[in-house]
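Here is the structure we will look at.
The values are calculated or read from the model by the stated rules, or taken from the named source; none is laboratory data. Everything quoted here is computed from the prediction, not taken from an experiment. With ideal geometry, Cβ positions are generated from the backbone for all residues, glycine too; neighbour counts draw on all protein chains shown. Only protein heavy atoms, including side chains, enter the accessible area calculation; ligands, DNA and RNA are left aside. Shrake-Rupley method; radii C 1.70, N 1.55, O 1.52, S 1.80 Å.
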Amino acid sequence: FPAADTFTVETGGTERIRITSTGGVGIGTIGARGATLEVQDIGTTGPLLLLAGASSSEGDIVVPTGQNINVGHWNNVDTFTERLRMTSDGRVLIGDTSSRLFDGSNYPQLQVASNASGNWARIASTAYIDSEVGGGLILAHSRNGTVGSHTVVQDDDKLGSIFFEGSDGNTFER
């Protein structure tokens, strides 16, 4: 009990787990950021694994720069099935573990893949609302180099594109 209403577990004189008076738990860290559960990889080999039950609260997953976030489930003790990956360079991959190259030099920010019949690699936008508004796809362009900022587009600028590509046996081509 290093402080009032704080419980710790130590091994070899080093704190490993801390439980605060507010119910926060820190593993590998003192949990000072106010999270309900904070886990820090302290140099062990392999990925950091966080298992959590259903919750109605929101939260953040924070990983070190250069690391991926992989979301999936355990089929059994030895098999993890990855469902979604957020790469360290900001890409979201669903159904794949690697960013794929398209159109010669394009790695899209969102990639959806499937190799299962009936589980097609499709994207849906559906509105369930008592309104005239339906699902939609918005393709937009600003000439400003800062995300969220606006600069007027010029004559002949492309505002959006839909590309159709097929495999030539080695790569996807338009």
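The packing ranking, built from the mean of other Cβ atoms within 10 Å per residue, places the peptides 142-153, 16-27 in the order 16-27, 142-153, highest first. Nonpolar atom fraction for the stretch 124-174, defined as the carbon and sulfur part of the 1.4 Å probe accessible area, stands at 52 percent.
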